[in-house]
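Shown next, in structure tokens, is the structure this report addresses.
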Amino acid sequence: VLNTADVGVDDNFFDIGGNSLLSMKVFFRITQELNSDQPVSLIFSHPTIRELSIAITRNLLQEEAAASAVSEQRS
């Protein structure tokens with residue numbers, strides 16, 4: 001979305017040309033790829049690829065734990 005291939009995992013999305021509209025595009029792609037609805041606000045509090053991936057992974061693990069707990073309750 002930034003039209004550049006030179007993005008490092010510790011580059012701040014907003015410092016290298018990102019904005020709120022582009023962040024929506026990023027999160028549309030993330031939710032499609034992961035089949036998981038992640039809040040776009042994550043990119044504002046975690047603006048690097050490294051930070052964002054950690055936050056999304058944490059959310060996915062929490063989703064899995066919650067789904068597992070529901071599944072166990074139904075059993």
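Return the calculated 222 nm mean residue ellipticity for the chain, to the nearest 500 deg cm²/dmol, obtained by summing -39500 (n - 2.57) across DSSP H runs with n ≥ 4 and dividing by the residue count.
-19500 deg cm²/dmol
For a quick check of your reading of the filter: which chymotrypsin sites (Phe, Trp or Tyr not before Pro) in the chain sit in a DSSP loop and have no more than 15 other Cβ atoms within 10 Å?
Answer by residue number: Phe14.
Given an 8 Å cut-off on Cα distances and at least 6 residues of separation, report the relative contact order of the chain as a percent.
Contact order relative to length: 32 percent.
Roughly how many percent of the accessible protein surface of the chain is carbon and sulfur, given a 1.4 Å probe and a whole-percent answer?
C and S fraction of accessible area: 52 percent.
Helix 20-34 against the longest principal axis of the chain: what's the angle in degrees, Cα atoms only, rounded to the nearest 10?
So the helix axis and the longest Cα principal axis differ by about 40 degrees.
From the residues Thr4, Leu61, Ser71, which one has its Cα farthest along the dipole of the chain in the positive direction, the dipole being from +1 and -1 charges on Cβ of Lys/Arg and Asp/Glu about the Cα centre?
Farthest towards the positive end: Ser71.
Compute the helix-to-body angle for 49-74: its Cα long axis versus the longest principal axis of the chain, expressed 0 to 90° and rounded to tens.
Approximately 10 degrees, to the nearest 10.
Tell me, what is the per residue accessible area of the chain in Å², probe radius 1.4 Å?
Details: 5420 Å² over 75 residues.
Spelled out: the 1.4 Å probe surface of the chain, per residue, equals 72 Å².
In debye, nearest 20, what is the charge dipole magnitude of the chain about its Cα centre with +1 on Lys and Arg Cβ and -1 on Asp and Glu Cβ, if you could check? Present the calculation step by step, with values, prior to reporting the outcome.
Values: 5 positive and 10 negative charges, 39 e Å.
The dipole of the chain has a size of about 180 debye.
How much length, in nm to one decimal, is gained on full extension between Phe14 and Arg58, taken as 0.36 nm per residue of separation minus their Cα-Cα distance?
Working it through step by step, the gained length comes to 13.6 nm.
What would the Debye formula give as log10 I(q)/I(0) at q = 0.16, 0.23 Å⁻¹ for the alpha-carbon point model of segment 15-75, no solvent?
Log-scaled intensity ratios, in q order: -0.56, -0.94.
The values are calculated or read from the model by the stated rules, or taken from the named source; none is laboratory data. Everything numeric here is computed off the predicted structure, so don't read it as measured data. Glycine also receives a Cβ, built like all others from the backbone with ideal geometry; neighbour counts cover every protein chain displayed. Areas reflect the complete protein model, heavy atoms only, side chains present, ligands, DNA and RNA absent. Shrake-Rupley method; radii C 1.70, N 1.55, O 1.52, S 1.80 Å.
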